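> Below is a structure I'd like to ask you about.
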Amino acid sequence: MLARLLHRIVSNPWVFDRFQNLMGLEKAVRRLRPHLVEAGGHILLDVAGGTGNFGTAIPPTAVYICLDNDWQKHQGFKRKWPSALAIQGDATNICLQSKSVDYALCVSLTHHLTDEQLPLLFGELSRVIRCKLVFLDAVQTEHSKISALLWRYDRGAYPRSAETLKTMIERYFEIEQIEQYTIQHSYLLCKAKPKEV
């Protein structure tokens, strides 16, 4: 019951953004920024981009497109990024043509997807991306009490290990860089290019 109430509160874009700031958003943006430098002058799809919190990591010369299934988050996104494009849609069935974006950013999505949806996501990403995927998500760890508490109240019901995510990414992509770090959760960050079909 408490978790459901918290989910409703955090679905408000203003509250969502404040919560993200509390959870270390700026540190995550600093980690992502060097991986996105080469996206300048190219088309970048922010998959499950929400209110566009990671837009500050994207070079200003990139064509910024946000895909999300939450219309409330889109409202927050358009307030922050009025000249960017917002698409309401499903990341497991992306409504874009094959190889239509140069880069994609996928942050904090996979723990919201079932085991059946996860390969659909990476299959769709490999289909629409021409150049690179930059991926970041929290991973399940056994020894962090803070992380365990955060997972208990997170809307995402499918936390996975770093190894599980790495294995899934490698089915569709060639990983060029990979690292793990900790803010509140432990995170997996990787940069990968789609495998040739």
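> Using 0.36 nm per residue, how much length does the chain from Glu26 to Lys99 gain when fully extended, once their Cα-Cα distance is taken away? If you can, show how the numbers build up before the last one.
Values: separation 73, 0.36 × 73 = 26.28 nm, distance 3.04 nm.
Contour length minus the Cα-Cα distance gives 23.2 nm.
> Could you give the length gained on full extension between Trp71 and Glu179, defined as 0.36 nm per residue of separation minus the Cα-Cα distance, in nm? Show your work: numbers first, answer last.
Values: separation 108, 0.36 × 108 = 38.88 nm, distance 3.23 nm.
Working it through step by step, the gained length comes to 35.7 nm.
> Considering only Cα-Cα distances, which of the following residue pairs are longer than 23 Å: Lys80/Lys195; Lys166/Lys193; Lys80/Lys193; Lys99/Lys193? Walk me through the numbers before you get to the answer.
Numbers: Lys80/Lys195 34 Å; Lys166/Lys193 13 Å; Lys80/Lys193 29 Å; Lys99/Lys193 12 Å.
Among Lys80/Lys195; Lys166/Lys193; Lys80/Lys193; Lys99/Lys193, the Cα-Cα distance tops 23 Å for Lys80/Lys195; Lys80/Lys193.
Rule-based calculations on the coordinates, nothing more; no lab input. Quick caveat: nothing in here was measured; it's all calculated off a predicted structure.
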